[in-house]
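Data block below; observations after.
No value in this document is a laboratory result; all are computed from the given coordinates. All values derive from a computational prediction rather than experimental measurement. Note: ideal-geometry Cβ built from the backbone for every residue, glycine included; neighbour counts use all protein chains shown.
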Amino acid sequence: MRSLINILDFSPEELQQLIDVANDIIAHPGDYRERCRGKKLATLFFEPSTRTRLSFEAAMYELGGNVIGFSEAQSSSAAKGESVADTAKVISCYADIIAMRHPRDGAPLVAAMNASIPVINAGDGGHNHPTQTLADLLTIYREKGRFDRLTVGLCGDLKYGRTVHSLISALSRYPGVRFVLISPEELKLPSYVKKEVLAVHGIPYEQTEDLEAAMPALDILYMTRIQRERFPDPTEYERLKDSYILTPEKLKAAKEDLCILHPLPRVNEISVAVDKDPRACYFKQVLNGKYMRMALILRLLEGMEEAPAPEEEIVADLICDNPRCIVQTEQELPQAFRCTNRERKIFRCVYCESKRILKGE
Ligand code: CP
């Protein structure tokens with residue numbers, strides 16, 4: 001049984017199949033109205049959401065299915081201390097598929113390990129947001145007709161921005177992609193993404209704080225919100241929150257066929273005046289997210305072929321110290337680290353991907 005926890009769980013071929021299904025849904029919506037008749041989607045949202053939760057719900061209704069769920073942790077038994085693992089086992093008795101958002105990195109993986117139905121990661125902490133990446137990919141494909149040979153600018157909070165991490169992972173598998181990473185020093189892309197995604201795939205990138213200087217080279221500009229909820233120190237958020245504001249003036253130097261994306265919600269990092277620009281694709285991206293979630297629900301419920309199990313060394317004698325990791329709060333969840341660099345003895349927590357270096361031997 002397949003789940004979607006990390007965008008890399010799906011091969012480029014499987015992503016292309018989802019895009020083909022989504023395009024077919026757009027062209028022939030009537031053919032899909034009964035495809036999930038009698039099936040139930042459970043939306044387990046332990047963190048706020050507008051787009052992701054409601055687009056999952058709209059997707060399931062448009063496929064003829066039903067939806068159960070909750071939209072905040074306080075209205076679930078998590079408020080009484082129920083674990084993610086038990087929640088997943090319980091929901092498996094009621095529904096056919098789960099979409100879960102959780103503030104802790106790795107929580108949907110723990111759900112998938114314990115559920116007997118497919119689990120979709122609808123955003124876990126500052127870690128990953130693979131279904132947002134599905135929306136991003138369909139939008140890029142429909143606007144550009146390809147994923148290769150693109151210069152992609154990512155602007156804003158590249159440190160905590162889970163949508164950015166998932167999109168970089170997805171696009172790094174296509175030839176000729178290069179990234180321009182535009183952020184304040186304090187919100188630079190984590191080094192593990194640079195070393196273990198960009199470097200591993202030989203993807204060129206540059207880092208800059210200057211959005212306007214980067215603008216002329218870009219085919220895609222992916223703006224992101226500075227996320228108040230991820231900052232341990234609120235004064236740091238106040239200092240950085242208005243680092244980038246995209247305006248019509250700043251777009252004068254951009255390509256005529258630039259594609260401007262934003263996972264939304266925006267606060268003020270894109271001026272409302274930009275919405276009229278034909279290059280603004282972020283509301284199309286919202287709609288595309290619904291179609292890709294329809295395609296994903298269909299494929300997972302059909303029973304996608306199992307992916308080959310990766311050959312990897314897992315060790316349990318390291319301790320994850322990421323305070324946002326699910327291992328800090330989940331009862332009796334074993335520590336588990338996978339080796340990502342045998343020579344340098346680098347291990348990463350399987351739940352949150354935090355790094356540990358194994359000392360001695
Ligand atoms: N893009 C996104 O995840 O939006 P929501 O937080 O509203 O779901």
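Some observations on this one:
- Bridges between two residues of the chain, per DSSP, are antiparallel at a rate of about 25%.
- Length gained on full extension, E209 to R279: 22.9 nm, using 0.36 nm per residue less the C-alpha separation.
- Size of the chain from its Cα atoms: along the principal axes, largest to smallest, the extents are 62, 55, 39 Å.
- For the peptides 274-285, 56-67, the ranking by packing is 56-67, 274-285, with the highest mean count of neighbouring Cβ atoms within 10 Å listed first.
- Between C339 and A73, the C-beta separation translates, for a Förster distance of 22 Å, into a calculated FRET efficiency of about 0.05.
- 3J(HN,Hα) couplings calculated from phi for the range 267-277 with the Karplus curve 6.51 cos²θ - 1.76 cosθ + 1.60 (θ = phi - 60°) are, in sequence order, 9, 9, 7, 10, 4, 4, 4, 6, 4, 7, 5 Hz; Gly and Pro show x.
- Ellipticity estimate at 222 nm from DSSP helix runs (n ≥ 4, -39,500 (n - 2.57)) divided over the chain, nearest 500: -8500 deg cm²/dmol
- Packing, taken as the mean count of other beta carbons within 10 Å per residue, orders the peptides 337-347, 121-131, 3-13 from highest to lowest as 121-131, 3-13, 337-347.
- At a Cβ-Cβ separation cutoff of 4.7 angstrom, cysteine residues of the chain with no neighbouring cysteine are C36, C93, C155, C259, C281, C339.
- Pairs from K159/K194; K194/K345; K188/K250; K39/K290; K40/K80 whose Cα-Cα separation, in the structure shown, is over 20 Å: K188/K250; K40/K80
- With both labels modelled 7 Å from their Cα along Cα-to-Cβ, the E313 to R33 distance reads 5.8 nm.
- Between T247 and Q16, full extension at 0.36 nm per residue minus the direct alpha carbon distance yields a gain of 79.8 nm.
- The label point for Y174 and the one for D24, both projected 7 Å from the Cα toward the Cβ, are 2.1 nm apart.
- Between D233 and K255, the FRET efficiency from the beta-carbon distance, with R0 = 51 Å, is close to 0.85.
- Hydrodynamic radius of the range 314-357 per Kirkwood, over alpha carbon pairs, in Å: 10.4
- Computed over the range 130-283, relative contact order equals 24 percent, with contacts defined as Cα pairs under 8 Å that lie 6+ residues apart.
- GNM on the chain, alpha-carbon springs under 10 angstrom: the most fluctuating residue among T235, T139, T87 is T235.
- Amide H contacts of I97: K40, A42, each under 5 Å away and 5 or more positions distant or on a separate chain (H built 1.01 Å from N in the peptide plane; Pro and chain starts excluded).
- Counting only whole DSSP H helices of the chain, the ones at least 18 Å long by C-alpha along their axis and with mean Kyte-Doolittle hydropathy no lower than 0.0 are 12-27, 282-302.
- Derived scalar couplings between HN and Hα for the range 174-184 equal 10, x, x, 7, 9, 10, 10, 9, 10, 7, x Hz in order, rounded to whole Hz, by the Karplus curve 6.51 cos²θ - 1.76 cosθ + 1.60 (θ = phi - 60°), x for Gly and Pro.
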